[in-house]
Structures are given as C-alpha cells and as structure tokens.
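Q: Sharing a structure here in structure tokens format.
The values are calculated or read from the model by the stated rules, or taken from the named source; none is laboratory data. Small disclaimer: the values here were computed from a predicted structure and weren't measured. No Cβ is skipped: glycine too gets one built from the backbone with ideal geometry, and neighbour counts run over all protein chains shown. Areas reflect the complete protein model, heavy atoms only, side chains present, ligands, DNA and RNA absent. Shrake-Rupley method; radii C 1.70, N 1.55, O 1.52, S 1.80 Å.
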Amino acid sequence: MKSCIKVTGKQREGYIFLITILFIGIMAATVLSAYLLLSITALQSSRSVELSTQALSNAYACADRALQSLQDDFTYAGNISVSLTNGTCKIYSLGGVGIKNRSVCTEGVVENVKRKFEIMVKDLLPNITISSWKEVGTITACAL
Amino acid sequence: MHHRSGVLLLDILIGIGVFSIIVGFITSTLLFSLRSVTGSGDRVRAIYITKRGIEAARSVRDDNFANLVPGIYGQRIQSGLWTLSGTGVTTDGFTTQVTISNISTDHMLISAKTTWNFGKTRSGSVVVSTELTNWRKLTPIGNWSSVALDGSFIDAGTPLFNTAVDNDSYLFVGSEVSDGGDGLYVFDISDTTNPTRVATSFSISDVVHDLLLVGNYLYVVQGNNSEVQIYDVTSPTTLSAADIVETVNVSGNSAARSIDILGNTLFVVTTGGGGASEISSFDVTDINNVTAIDTYDDTGEYHWIKTVDNYAYISSGLDASELRIISVINPADLKLASVPGANLADTPDALSIAGYNKYVLLGRLSGAATEEIILYDIQTKPLTTAIGPWFLEAGGTANSVDMDPGETYGFVASDLASKELRVLNIADFAAGSPPEIAFYDTATGEGRGVYYSWRHDRVFLLTNTAVVVIKPGS
C-alpha cells in the first residue's frame, strides 16, 4: 500500500506569504542600511566642519602671535609649536630678513585636521603691511 | 490520505511576527537617521553662526584693538560694521556668546559659543576659540625734536669707538685698537641709563670697522685677512674666540669696511686695496659654511653699504660717483645699476650711508666748498633723478649717519666740536627746508659713529672715549 502525501494549495500559499515577507524585509533592510550610512555620513561631515573651523581659528591664532612677535623684534625667527585651548598650532621658520618682504607661515591642527596660511609681509615699519594672506595646502614660502 | 491542518495559519503567524520585527527595525532606524541628519544640520548651522562671532571680534580688533574689552558679548552689525555688545545674540533659536579674556599685553583669547534647544532630542552647543594680538599697531617712536642724555659708558682710555648694533638686552660696539681699544665690546643695555660692559676679558687684536647682527649671529668686519668673522652670541656675557662659527675671507688684504645682508646673501664692500674687488657677495644660508658667489671690481674705494630692495647703495671715494649703486637682484651677477650713482661737487669722499625705503642719507668728508650731508630720493628705484638731492652743511666731516626705519629722522655723527650729534627731520629735508631739529654736544670726543636702535628708541653716539645714549625729549 502506497502512502502519499499531497501538498495542498493552501500550504503553498503559506510559503509564498512567508517568502514574500522575507523578501520585503530584505528590501527594507537594504534601504535602511543606506539611510543609516547617510546619517552616519552626515554626523561625520558635521564633525569635520567643526574640526576644520577650529583648525582654521588655530592657524589664525598662530598668525597673530607671529606677526606680533615680528613687530616686537624684527629678528624673530619663528619655528615654534603652540598649545591652544582646542588643539595646537605651529609657526614655521620666518622667511626673509629685515623690515621688508618677510614671509610668515602657520598651521592650525585639531585632531587630524590641518589648515595652513602663507602670509607675505611687505613692510614692518612704521606698522605691519600685508601684501598677501592666503590659505594653502602645502607650505612653500617658509622653511619646514 | 493523511491531512495536516493549521499549516497555513502557522505560516501566517510567523510571517506577521517577522513583519512586526521588520517594521520595528524600520521605524527605529528611520527615527535615528532623521535625528542624526537634523542634528548634523543644526550643528553645521551653529558652527557657521559661531564663526561669525569670531569674525566680529577680529573686525573689532582691526578697527581698534583697545575695543576688545574682556567680557561676554553678542555680535551685531551696526552701520555696516561688526560690533560686540549685550551679553549674547539669538538668531532662529541659536544663541551665540563671544567671550573675550586677557592673555597678556596686546594679546586676547576669543571664545565664541553657540547653543540651541529645539526639544529633548534636538539640542547642543559648539565652541570655537582663537587668539588676537595687536600686531596692527604703529611702532612707537619718540619726538626727536629735542634730545637728552639717557646714559653713557666712558672708557678710561681712548678706544675710538666706530660702530654698534644691538638686540633687546645687549649692545655690540666695534672700535680701533691703535690706542688701547679692544676692538669689540659688549654692553648690557637692559637699562639704557646705565650701559654696563660685560665679557670684559674678550678682545680682538684688530680694528672693527662694521657690525651686523642677524638673530644670534654677529658679523664682525675686521682689519685683518680674516675680513669677516661670524660669532654665535647666544651668550654675550661669555663671548670669546670659541664662539666664532665661520670666517669669510674677502679678496685683497684687510680691505673690508662694511657689510649688509639681503635674504640669505651677505654683501661686503672694500677699499679695493691689495687687489680686492670693491664688492663681493656670499651665500650665508648655511652659517657654518659660507660660500662665495660673485664679485664686482670698480675703480675706487667703497666705504659703507646699505641694501634697499634689490640695490646696494654705497658711499664711495670715486670722484665721479660718491654715491654708487650696484644691482644685487642677482647676487651671482653683481653689476652697476641702471642709474650707477650720483656725482657730487669736488672730491671729498663719501664715508657713510643710511636708508630704508624712500631715501638714502649720505655723509661726506669735510670740504671747503661742499656740503657734507646729502639726502637722495630713491622712491623710483634705483635713484629718483627728477627730484633732489638736498644738501646740508655739516661744518665738519659727517663720519656716520643713520635713520629710523620709518625714515622720520636722520642722525649724523660729526667731528664738529659743538654738535657731535645732529638730528634731522627727513620730511623737512626733502621739502627743501632746514632739516636740523636738535643736536647734542659731548665732551667725550668727536662723533665717530651713530646707531639708531628701533628696539629702544635710542641713539647710541660713539665717540673717542664713550658710548653715549641719547633719548628723545627734554
């Protein structure tokens, strides 16, 4: 006597429903993963903007220190690192000699973010006159 | 046939369970993402608002550093200008406060903080800080329309002081050695009313004609075959021959008289004696290994040099060109400038020269029918020929001249018995008006050298026996 098991139509519909739900779940998971990545990227971007803004302010701080020191003493050589409230900055070795045509280069650092300035000073007397002040990716106007 | 009942219901129940989990996951993830993106946007906006606070403080400093008063403020625009007032400012729910605190004289810490609170899950703060200094201020110089004695060092002998340079605390003075002088002297001038000699055991066996101080290195022009010696003067009170880091041998024998530096190039002028070239250039990038670059051979004596921009202005003994101008644009190709100089009436040599930007001041040997002090306009480099020069009778030899870097005043050391130091107003001189505004009479000998210190706003008058410190004002 043969025994036979017959799969009814309702059983097939149950499997189809389950598989459909799983398929929808996989699609949803894929879309949500993308959302998650985007939100993480947004968080990272805002953090980068914050660090970059502070690094720029640190570069400005060192620039002000260097120009003040140069005005006080025309033989000021630079080449120092400074610890600030948030991060650090560096004054590179100043270029040029005397009271005309000097170069001042600074770098502001916060965590792994760096921003740099090259400042060309035209005259030191009777007061400092700047001929150019620009942000650069690589310092070339001052000795490293 | 065996029938299994309830299988479809089980599948559905499992499916609903899985779907519920998925919906829960979707909901929480969506909420998290939404909060993150919104929070990031709030933070970025807050950062840019905070930057404005920093920029406002910088703008206030640029206008007048004195307006940076310690306290907590908000940044506002009034009449098109940034101002700091109140205790904070709120824009679309973001509140910014700028805190100013004093670090030291002319040095402020600026901290800008922005806070926001749009609900339980949407609040935060951002802080950006920087420092501002008063580097835009004018370098102060006194009123030299009257002068007074500040202090002096009078030697027991007759050193015949020639030249001087200084840093914040020390004055280096060169002298003759023919009458007992030590060649090189070091004075502590931290108190200019009482210049005190240090390193008293140190002496050089030859006359020192000129000095140049660059950082911690003192360039000494001597009257021997080691024409220029470079000393490390990190410790001036213990200066000795052991501090010599390099010696520069110039062509000829003992002919070097004056030096100046432009960038990393040292220029040495000579009297041309012994076959020396009148001007030579040297690379001093490596202070321990100075290398020769080029020379230029002229037909007369060079006495003093001052470099301005790409030119060397030289006081010379050339009868047809007492002011000599050499182009030093390329230190490897020294040559006469497009305007090679200027001729003065008669033949007395030009001995000294000073200048910074718009003018050069020339000092000359005394002549019966000539003026000894001449001002040239060099605003059109190398020499403005359309206007000037202007002349002043010194009544004696103008041994040495100097100017303040702002070219407001000129200072002349002469052998005129009643006016060893003369103070000139350069603007008056260039306007053709009588320039002398003050003088100083000393009993310590003739005025052999003069050096204006911008660090101390003092004139150091060098005489036969003394270093006399002169200050502005009565």
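Q: When you go through B:ALA345, B:ALA350 one by one, which is the residue that is surrounded by fewer than 24 Cβ atoms within 10 Å (Cβ to Cβ) and under 22 Å from B:PHE429 (Cα atoms)?
A: Going through B:ALA345, B:ALA350 in turn, the sole match is B:ALA345.
Q: Can you name the number of the only condition in (1) closer than 30 Å to B:SER201 by Cα; (2) buried (at least 22 other Cβ atoms within 10 Å of the Cβ); (3) among the β-branched types (Val, Ile, Thr) that B:ILE279 fails?
A: Unmet condition: (1).
Q: Let me ask you something else. I'd like to check which strands (runs of 3 or more DSSP E) are fully inside segment B:390-474 and have at least 1 residues that are out of contact with any Asp or Glu (no Cβ under 7 Å at 6 or more places or on another chain), more than 26 Å from B:LEU211 (Cβ to Cβ) and away from every other protein chain (no Cβ under 14 Å). Before you say what the answer is, go through the steps one by one.
A: Numbers: elements: B:390-392, B:398-403, B:409-414, B:421-425, B:436-440, B:449-453, B:458-462, B:466-472.
Correct list: B:390-392, B:421-425, B:436-440.
Q: Among the residues of segment B:152-177, what is the count of those that are crowded, with 18+ Cβ neighbours inside 10 Å and either among the aliphatic types (A, V, I, L, M) or at positive phi (or both)? First the steps, then the outcome.
A: Taking segment B:152-177 first, the residues crowded, with 18+ Cβ neighbours inside 10 Å are B:152-153, B:155, B:159-167, B:170-177.
From what is left, the residues that are either among the aliphatic types (A, V, I, L, M) or at positive phi (or both) are B:160, B:164-165, B:171, B:173, B:177.
Result for segment B:152-177: 6.
Q: Next question, about the same structure. For segment A:113-143, which positions are of a type outside the set (A, V, I, L, M, F, W, C) and under 22 Å from A:ALA55 (Cα atoms)? Spell out how you get there, then give the answer.
A: To start, the set of residues in segment A:113-143 that are of a type outside the set (A, V, I, L, M, F, W, C) comprises A:114-116, A:118, A:122-123, A:126-127, A:129, A:131-132, A:134-135, A:137-138, A:140.
Scanning segment A:113-143 gives A:LYS114, A:ARG115, A:LYS116, A:GLU118, A:SER132, A:LYS134, A:GLU135, A:GLY137, A:THR138, A:THR140.
Q: Would it be correct to say that B:LEU138 is within 14 Å of another protein chain (Cβ to nearest Cβ) and either charged (D, E, K, R) or free of Cβ contacts under 8 Å to residues at least 24 places away in the same chain (or both)?
A: On the way: within 14 Å of another protein chain (Cβ to nearest Cβ): yes; either charged (D, E, K, R) or free of Cβ contacts under 8 Å to residues at least 24 places away in the same chain (or both): yes.
Taking the combined requirement at face value, the residue satisfies it.
Q: Let me ask something else. Would you say B:THR285 is under 24 Å from A:ALA77 (Cβ atoms), open to solvent by 50 Å² or more (accessible area, probe 1.4 Å) and among the β-branched types (Val, Ile, Thr)?
A: Numbers: under 24 Å from A:ALA77 (Cβ atoms): yes; open to solvent by 50 Å² or more (accessible area, probe 1.4 Å): yes; among the β-branched types (Val, Ile, Thr): yes.
Yes, satisfied.
Q: Within segment B:200-217, track down each residue that is part of a loop (DSSP other than H, G, I, E, B) and under 25 Å from the mean Cα position of the chain (by Cα). Don't jump to the end; show me each part of the working.
A: If we filter segment B:200-217 for residues that are part of a loop (DSSP other than H, G, I, E, B), which is where we start, we get B:200-207, B:215-216.
Within segment B:200-217, B:GLY215, B:ASN216 qualify.
Q: Any residue at all in segment A:98-114 that is within 11 Å of another protein chain (Cβ to nearest Cβ), in contact with a Ser or Thr (Cβ under 9 Å, 6 or more places away or on another chain), on the phi > 0 side of the Ramachandran plot and assigned to a strand (DSSP E or B)?
A: yes
Q: Right, another one. When you look at B:VAL127, is it surrounded by 14 or more Cβ atoms within 10 Å (Cβ to Cβ), in contact (Cβ under 8 Å) with a residue 60 or more places away in the chain and over 30 Å from B:ARG43 (Cβ atoms), yes or no? If you could, list the steps in order and put the result at the bottom.
A: On the way: surrounded by 14 or more Cβ atoms within 10 Å (Cβ to Cβ): yes; in contact (Cβ under 8 Å) with a residue 60 or more places away in the chain: yes; over 30 Å from B:ARG43 (Cβ atoms): no.
For B:VAL127, the condition - surrounded by 14 or more Cβ atoms within 10 Å (Cβ to Cβ), in contact (Cβ under 8 Å) with a residue 60 or more places away in the chain and over 30 Å from B:ARG43 (Cβ atoms) - is not met.
Q: Select from segment A:80-97 the residues that are assigned to a strand (DSSP E or B) and touching a residue at least 40 places away in the same chain (Cβ under 8 Å) and list them in ascending order. Spell out how you get there, then give the answer.
A: Restricting attention to segment A:80-97, the residues satisfying the condition of being assigned to a strand (DSSP E or B) are A:80-83, A:88-93, A:95.
Correct list: A:TYR92, A:SER93, A:GLY95.
Q: Quick check, is B:ALA112 outside any loop (DSSP other than H, G, I, E, B) and in contact (Cβ under 8 Å) with a residue 40 or more places away in the chain? Walk me through how you get there before you give the answer.
A: Values: outside any loop (DSSP other than H, G, I, E, B): yes; in contact (Cβ under 8 Å) with a residue 40 or more places away in the chain: yes.
Spelling it out, B:ALA112 is indeed outside any loop (DSSP other than H, G, I, E, B) and in contact (Cβ under 8 Å) with a residue 40 or more places away in the chain.
Q: In segment B:171-199, which residue that is touching a strand residue (DSSP E or B) at 6+ places or on another chain (Cβ under 6 Å) and of a type in the set (Ser, Thr, Tyr) is farthest from B:TRP454 (Cα to Cα)?
A: The selected residue is B:SER175.
Q: Sticking with this one: Restricting to segment A:115-132, what's the tally of residues that are facing another protein chain (nearest Cβ under 10 Å) and open to solvent by 60 Å² or more (accessible area, probe 1.4 Å)?
A: Selection size over segment A:115-132: 1.
Q: Checking B:ASN134 against (1) in contact with a strand residue (DSSP E or B) (Cβ under 7 Å, 6 or more places away or on another chain); (2) surrounded by 16 or more Cβ atoms within 10 Å (Cβ to Cβ); (3) under 27 Å from A:GLY98 (Cα atoms), which single condition isn't satisfied?
A: Of the numbered conditions (1) in contact with a strand residue (DSSP E or B) (Cβ under 7 Å, 6 or more places away or on another chain); (2) surrounded by 16 or more Cβ atoms within 10 Å (Cβ to Cβ); (3) under 27 Å from A:GLY98 (Cα atoms), the odd one out for B:ASN134 is (1).
Q: Can you say whether A:SER83 is surrounded by fewer than 16 Cβ atoms within 10 Å (Cβ to Cβ) and either within 9 Å of chain B (Cβ to nearest Cβ) or of a type outside the set (A, V, I, L, M) (or both), as far as the supplied structure shows?
A: On the way: surrounded by fewer than 16 Cβ atoms within 10 Å (Cβ to Cβ): yes; either within 9 Å of chain B (Cβ to nearest Cβ) or of a type outside the set (A, V, I, L, M) (or both): yes.
So A:SER83 fits the description; yes.
Q: Pick out the one residue from B:ASP319, B:ASP297 that is among the charged types (D, E, K, R), farther than 19 Å from B:SER400 by Cα and either in contact with a strand residue (DSSP E or B) (Cβ under 9 Å, 6 or more places away or on another chain) or open to solvent by less than 30 Å² (accessible area, probe 1.4 Å) (or both).
A: On the way: B:ASP319 fails: either in contact with a strand residue (DSSP E or B) (Cβ under 9 Å, 6 or more places away or on another chain) or open to solvent by less than 30 Å² (accessible area, probe 1.4 Å) (or both).
Being among the charged types (D, E, K, R), farther than 19 Å from B:SER400 by Cα and either in contact with a strand residue (DSSP E or B) (Cβ under 9 Å, 6 or more places away or on another chain) or open to solvent by less than 30 Å² (accessible area, probe 1.4 Å) (or both) holds for just one of B:ASP319, B:ASP297, which is B:ASP297.
Q: Might you let me know whether segment B:187-199 holds any residue that is open to solvent by less than 30 Å² (accessible area, probe 1.4 Å), part of a strand (DSSP E or B) and modelled with pLDDT of 95 or more?
A: Step one: filter segment B:187-199 for residues open to solvent by less than 30 Å² (accessible area, probe 1.4 Å), giving B:187, B:189, B:192, B:195, B:198-199.
Now drop any that are not part of a strand (DSSP E or B), which leaves B:187, B:198.
When the remaining residues are screened for being modelled with pLDDT of 95 or more, the result is B:187, B:198.
Within segment B:187-199 (the criterion being open to solvent by less than 30 Å² (accessible area, probe 1.4 Å), part of a strand (DSSP E or B) and modelled with pLDDT of 95 or more), the answer is yes, since at least one residue qualifies.
Q: Under 6 Å by Cβ, and 6 or more places apart or on different chains, what pairs join a residue from segment B:10-34 that is within 24 Å of A:ALA42 (Cα to Cα) with one that is open to solvent by 80 Å² or more (accessible area, probe 1.4 Å)?
A: Pairs that qualify, where the first residue is within 24 Å of A:ALA42 (Cα to Cα) and the partner is open to solvent by 80 Å² or more (accessible area, probe 1.4 Å), are B:SER33/A:TYR35.
Q: Considering only segment B:385-404, state which residues are open to solvent by 10 Å² or more (accessible area, probe 1.4 Å), closer than 30 Å to A:ILE128 by Cα and at pLDDT below 95.
A: Once the filter is applied, which keeps residues that are open to solvent by 10 Å² or more (accessible area, probe 1.4 Å), closer than 30 Å to A:ILE128 by Cα and at pLDDT below 95, segment B:385-404 yields B:THR385, B:ALA386, B:ILE387, B:GLY388.
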